[in-house]
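The values are calculated or read from the model by the stated rules, or taken from the named source; none is laboratory data. Remember, it's a predicted structure, so these values are computed and weren't measured experimentally. Backbone-built Cβ (ideal geometry, glycine too); neighbour counts: all protein chains shown. Only protein heavy atoms, including side chains, enter the accessible area calculation; ligands, DNA and RNA are left aside. Shrake-Rupley method; radii C 1.70, N 1.55, O 1.52, S 1.80 Å.
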Amino acid sequence: GALFLLSAFMTIEVFWIKDVLEAGDSLYAVSTAVWMISMVFGATVLARRVPLRYHATAAMVGLGIQGIGIGGPSLIVAIPPLLIGCAIGGIGHGIKNTLSRTIIHEKVPGDLHGRAFAAFNAMRNSAEVTALAFGGIVVSTAGPQLGLMLAGFGPALIAAAALFILQAGRGYGTPSLDPEPEPLGLD
């Protein structure tokens, strides 16, 4: 659900930049570059510093940060908040993507990696493709500002709920003390 909402940003952002901010293609290119550079930083510098036992928690924090980076600019209609949001959101996106895939690699037995990654990618691709149309529907019915709020703050709320569930399952918010996680079977 969070990925579906986040991916609507790809459609909504164009209308936010062109119609609301009244900027052009150059700002769209800059915002995309800021997002991508920040995503690489989150994936290569920050995600690798997270201990294995905190991967799920950090992935959900990354999801929340990504959502705030998308939704935050909708609160102040100006170019600087968009670029700051892209920097923040890109960092969260990089952390979330890297750790989500690492969790699959670490938790699923090696002989089932192909199936696990295929299922993950099928879900991800389906969410992204349908979200492109959803973004267009939201923009045409509710406008880009509400679209950004939904695309960003919806996933942030989903991340908060997931963090609550993760912590409740561990008892009083402490991480698991198991040095190595148990593999998940996909049978």
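See the values below:
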{"item": "For the chain, calculated [θ]222 nm from helices alone, where every DSSP H run of n ≥ 4 adds -39500 (n - 2.57)", "result": "-24500 deg cm²/dmol"}
{"item": "3J(HN,Hα) from dihedral phi, region 17-31, Karplus parametrisation 6.51/-1.76/1.60, rounded to Hz, x for glycine, proline", "result": "5, 7, 8, 8, 7, 6, 10, x, 4, 4, 5, 4, 5, 5, 5"}
{"item": "Region 67-99 residues near the modelled Phe120 label - backbone nitrogen below 16 Å, point 7 Å along Cα→Cβ", "result": "93-99"}
{"item": "Stretch gain in nm, segment Ala23-Ser140, where the contour uses 0.36 nm per residue and the Cα spacing is subtracted", "result": "40.2 nm"}
{"item": "For region 109-114, 3J(HN,Hα) per residue [Karplus equation, 6.51 cos²θ - 1.76 cosθ + 1.60, θ = phi - 60°, Hz, x = Gly/Pro]", "result": "x, x, 6, 10, 4, x"}
{"item": "Karplus (6.51, -1.76, 1.60) ³J(HN,Hα), θ = phi - 60°, over region 147-164, in Hz, Gly and Pro reported as x", "result": "x, 5, 4, 5, 5, x, 6, x, x, 5, 5, 4, 4, 4, 5, 5, 4, 4"}
{"item": "Extreme residue, positive dipole direction of region 1-56, given options Val45, Tyr28, Ala8 (C-beta unit charges)", "result": "Val45"}
{"item": "Accessible area, probe 1.4 Å, largest first, for residues Lys107, Lys96", "result": "Lys107, Lys96"}
{"item": "Principal-axis tilt of helix 79-107 within the chain, Cα atoms, nearest 10 degrees", "result": "20"}
{"item": "Ranked by how many other beta carbons lie within 10 Å on average, peptides 114-127, 145-158 from highest", "result": "145-158, 114-127"}
{"item": "For the chain: accessible area per residue (Å², 1.4 Å)", "result": "52"}
{"item": "Amide hydrogen neighbours beyond the local backbone of Ala23, cut-off 5 Å, H modeled", "result": "Lys18"}
